[in-house]
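Report on the structure given below.
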Amino acid sequence: MISEKGKADPFRKLRWNDFQAWAGDKATAKGMKYQDEGRVEEIKRTPEGGLVARVKGKAAYFTEVSLESGKLSSTCTCPVGHDCKHGVATVLEYLELVEQEEEVSVAFEGDPLLIMARQKPALKIGKNRDSYQVSRTELRTYLGQLEKEALVDLLMNLSDRDSLLLRHLRDILNLASGDTKETVVGIYSELEKLWEDARNYNYRDYDSSFPDFSNVRNRLESLLEAGHADEVADIGLKILEGYEEVALYDEEEGVGMEVGECLEVVTKALLQSESPAHERMLRVLDLELKDEHDLFEGDDFWDSDFPAPEWNRFSELLKGRLDAIDSEKDLSYSDRGRDRLVERRVLALEKAKNFDDAISLCEEEAEAGAEWSYVRQVKVLLAAGQKEKAEDRIYQGVRETRKSHPEIAHELFQILLEIRENEENWLYLAALRAEEFFRHPSLEYYTELRGAAKKAGVWEKVREAVHSYLESGNLPIDRPGPEEEPSSLPGILPKTGLTDRASFRKINAPALDLLIDIAVEEENPDEVARWYRVRKKRSKNGEDRRFTRRERIARAVLDKYPEIAIEIWVSIAEELIARKKTDAYEAASIYLRMVRNAMEAGGEKAEWESYLREIREKNRLKRNLLQILDTLEKDRIIDI
C-alpha cells in the first residue's frame, strides 16, 4: 500500500503538460527515450524534497530536479546545464519507481551524488547567481562546522568512491611539495588516451566512447593553482599539436569544444605567469599560429593592460621576425602566419600609444594588397581619436572590398553602424540597417531595422516598403541622376554614400518563410495564418519539412486558429510515426498530446477519440507504438 506521505508527494501529481512547459517537446521526447533505455543509473531524493540522479549520456551527467509551486526546474552537469533531457529522464524514472512501490532513498548531506550534481554553477530558471552563491555559502558553513578529523574522514570517504577525486587529491599532495612531474606526465598520458579515443569515436554509435577532457582540464587547473603557469602553457601548445592530428576524425567538432575548454585554462595561465609580459605575448602568438581550427581564444590576454615598454619590446621582436620573412631569410611562415604577425604588431603599437607607426604599418600593408588591414587601421584611428579619418577609411574600404572580400566589408560596415548608434543618429542608422536588410533579408536584420526606424520615427513608412518588397519582390523605385548617389528607400531614408542597389537580394516573392517568421515574432496570428495557407498551397508536399518552423507556427496561431495548430501537429506526428523507430514514436506522442489538448479544449473530444482509434488501427502491428499511445489515454503520468 502507498503511504499517506507517498500520496502527498507532489511529483505524483505531474501531468505531461508540465514536462512540455518545463523542458520543451524535444527534451521531453529525448528524456522519455533515455529513461526507457535505462540510462538513469542512480537516483535519490534530495533533503529538500527534490531529485538527484546520475544519467548516462556521452559521459556520466549529474542532474538535480526541483518541484516548487507545481513548477519543475533542474540543473545538470551536461553542456546544456539546465532543464534538459537528463532531468526529464530522472523524473520519469522516479515516477516509475513510485508506481512500482519501490522505495527511493534520501541523499544525506555530503552524499557524493549531491556533491557531483552541485559541482558546477548551473542555475535554475528564474534564479540568479546570488541564489547559487547562497547554496555555496551554506555548504561552506556546513563544512566549516566539521571537526578536522570529520572533514578528513569525509574526503577519504569520497575519494574511495570517486577515482577522479582521489587523483585530484594526489595532484594536490604532489604539487604542494613542489613535485610537478607526476601531474604533468599524468596529463600527457591522459591526452594520448584521449587522442586515441577521438580517432575511434563514432558519434552514430551509442556504445562508442566519447573523449572526456574534463579531468585534463581539472588537472591543468590544479597545476595553475599551485603556481606552475609556464608548465600549463607548455601543455597548451602540445594539446593544439595533438588535436591537429585528430581533427579529421572530429566530425561534429565535439572534441574541439572540449579542447577549447582546456585552452581556457592555458589563457588564464598566461595571464597569471610571472614571466615578462613580452615573452608571454610571444607564447600566445605561437599558440595562435599553431591553432588551425580557432580553438584558442586569446582575446582576454590581448585586452589586458600591460606596461607600454612591454608592448614596445614585443613590437620590436615581431619587426625582427617580419624583416626575416620579407627578406626570405625565414621561409617557415605561411601568408596567414605573416598576416597574424603584422596584426599583432599593429596591436602592440596601438597599446603602446604609437598610433602614427601603427597607422603607417596598416597603410603599407593595404598598399601591398593586404585588405584585412582596413579594419585594423580603422580601429587604430578611432583609438587615436581620428574619427573623421576613420570614417573616410571605412567608406574607402567598403567600396574596395565588398566584392573581393565581403567579410571585410561587412566588418567595416558594422563599425560604421556602431559609430552612428553611439551618435544616436537614428535616421542614418536606419538607412544603413535598410541596406543591410535588402542585401541579406532575414528576421535578424528586420528586427535591427525596425529598432532603428522606430527611434527615427519612420517605422510605419519603412515597414510598408519592406513588406511590399517581401510580398512583391519590388524595391521602391530610385532614379538618381548620373552624378547622384542612390538610396535604399528614397523619400524615407537618407543617402549613406554606400548604397549599392545591385547588391540587394532578388527574392522569389512572396518570401513566405521570412513573412511567416516576421508574423510569428510580431505575434500577429492573422498574418501567420495567412502566409501559412499561401505556403501550403504553393508547396509541392504541402508542408515545410522543418519541424521547428512548423512548431512556431502552431503555437503562434493556437488560440485564434486552433485548426491550423492541430493540422500541423497531426502532420508532424504522422511523419514521425512513419519512421518506425521507438524514439520517433515517443516524439510523436508529444505532438499527439498537444492535438488531444487542443481538440478537447475546442469541444472535439469525440473526434479526438475517433482519430486515436484510427491511428491504432493503422499501426496495430507496431507494439512499441501502441504501448506509447496508451499513455495518451490519461493526463497524469501515474494514477493517484
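The values are calculated or read from the model by the stated rules, or taken from the named source; none is laboratory data. This one's a predicted model, so the numbers in the text were calculated from it and none came from an experiment. Please note: Cβ atoms are built from the backbone with ideal geometry, for glycine as well, and neighbour counts cover all protein chains shown. These accessible areas exclude ligands, DNA and RNA; they are computed on the full protein's heavy atoms, side chains included. Shrake-Rupley method; radii C 1.70, N 1.55, O 1.52, S 1.80 Å.
For the reader, a short list of remarks on this structure follows.
- Binning the C-alpha pair distances of segment 244-300 at 5 Å intervals from 0 yields a P(r) profile of 4, 18, 28, 22, 14, 8, 4, 1 %, listed from the shortest bin outward.
- Overall dimensions of segment 270-316 by Cα: Rg and Dmax, Å: 10.8, 32
- Computed from the C-beta positions of residue 196 and residue 251 and an R0 of 25 Å, the FRET efficiency is 0.90 to the nearest 0.05.
- Pairs of Cα atoms farther than 22 Å apart, segment 210-337, %: 42 percent
- Rounded to the nearest 20 debye, the dipole size of segment 511-596 about its Cα centre is 460 debye, using +1 on the Cβ of Lys and Arg and -1 on the Cβ of Asp and Glu.
- Rg to Rh, two decimals, where segment 440-538 supplies the alpha carbon set and Rh follows Kirkwood: 1.00
- In angstrom, the C-alpha Rg and Dmax of segment 154-251 are 15.1, 45.
- 3J(HN,Hα) from dihedral phi, segment 400-406, Karplus parametrisation 6.51/-1.76/1.60, rounded to Hz, x for glycine, proline: 7, 10, 4, 9, 7, 9, x
- Whichever aspartates and glutamates have a C-alpha closer than 13 Å to that of residue 403, once near sequence neighbours (fewer than 8 apart) are set aside: 371, 500
- Surface/4 of the Cα convex hull for segment 354-439, nm²: 5.4 nm²
- Segment 283-433, accessible surface, carbon-and-sulfur percent (1.4 angstrom probe): 42 percent
- Long-range amide H partners of residue 82 with built H, under 5 Å: 76
- For q = 0.13, 0.19, 0.32 Å⁻¹, Debye-computed log10 I/I(0) when each Cα of segment 545-590 counts as one equal scatterer: -0.28, -0.56, -1.10
- Helical content alone sets the calculated 222 nm signal of the chain at -20000 deg cm²/dmol, taking -39,500 (n - 2.57) per DSSP H segment of four or more residues and averaging over every residue.
- D by Stokes-Einstein for segment 52-98, Kirkwood Rh over Cα pairs, 25 °C, 0.890 mPa s: 230 µm²/s.
- The charge dipole of the chain, taken about the Cα centre with unit charges on the Cβ atoms of Lys, Arg (+1) and Asp, Glu (-1), comes to about 2600 debye, rounded to the nearest 20.
- Approximate shape of segment 578-633 as ellipsoid semi-axes (Cα gyration tensor, √5λ), whole Å, largest first: 20, 12, 8
- Tail weight of P(r) past 44 Å, computed on alpha-carbon pairs of the chain, percent: 42 percent
- Segment 8-67 shape via C-alpha gyration tensor axes, a/c threshold 1.5: oblate
- Computed over segment 317-365, the Cα gyration tensor eigenvalues convert (square root of 5λ each) into semi-axes of 20, 10, 9 Å, ordered from largest to smallest.
- Of the beta bridges in the chain, as assigned by DSSP with both residues counted there, near 95 percent are antiparallel.
- Taking the Cα centre of segment 426-473 as origin and assigning +1 to Lys and Arg Cβ atoms and -1 to Asp and Glu Cβ atoms, the resulting dipole is close to 180 debye.
- Cα lying deepest toward the dipole's positive end in the chain, options 475, 570, 169, charges on Cβ: 570
- Pairs from the list 268/290; 581/618; 329/379; 85/581 with a Cα-Cα gap above 20 Å: 329/379.
- On segment 435-515, 46 percent of the accessible area sits on carbon and sulfur atoms, based on a 1.4 Å probe.
- Each of 601, 507, 281 was placed along the dipole of the chain (beta-carbon charges, centred on the mean Cα), and the one lying farthest toward the positive end is 601.
- For segment 529-620: span of alpha carbons on each principal axis (Å, largest first): 37, 31, 19
- Of 348, 259, 358, farthest towards positive along the dipole that unit charges on Lys, Arg, Asp, Glu beta carbons give the chain: 259
- Looking at the chain, the accessible area is 53 square angstrom per residue; that uses a 1.4 Å probe and ignores ligands, DNA and RNA.
- Cβ crowding within 10 Å averaged over residues, with 360-372, 603-615 ranked highest first: 360-372, 603-615
- In the frame of its principal axes, segment 378-513 has Cα extents of 47, 32, 32 Å, reported largest first.
- For segment 237-246, Karplus couplings with θ = phi - 60° (6.51, -1.76, 1.60), whole Hz, Gly/Pro x: 5, 5, 5, 5, 5, x, 5, 4, 7, 10
- Kirkwood-Stokes translational diffusion coefficient of segment 1-107, alpha-carbon pairs, 25 °C, 0.890 mPa s, µm²/s: 180 µm²/s
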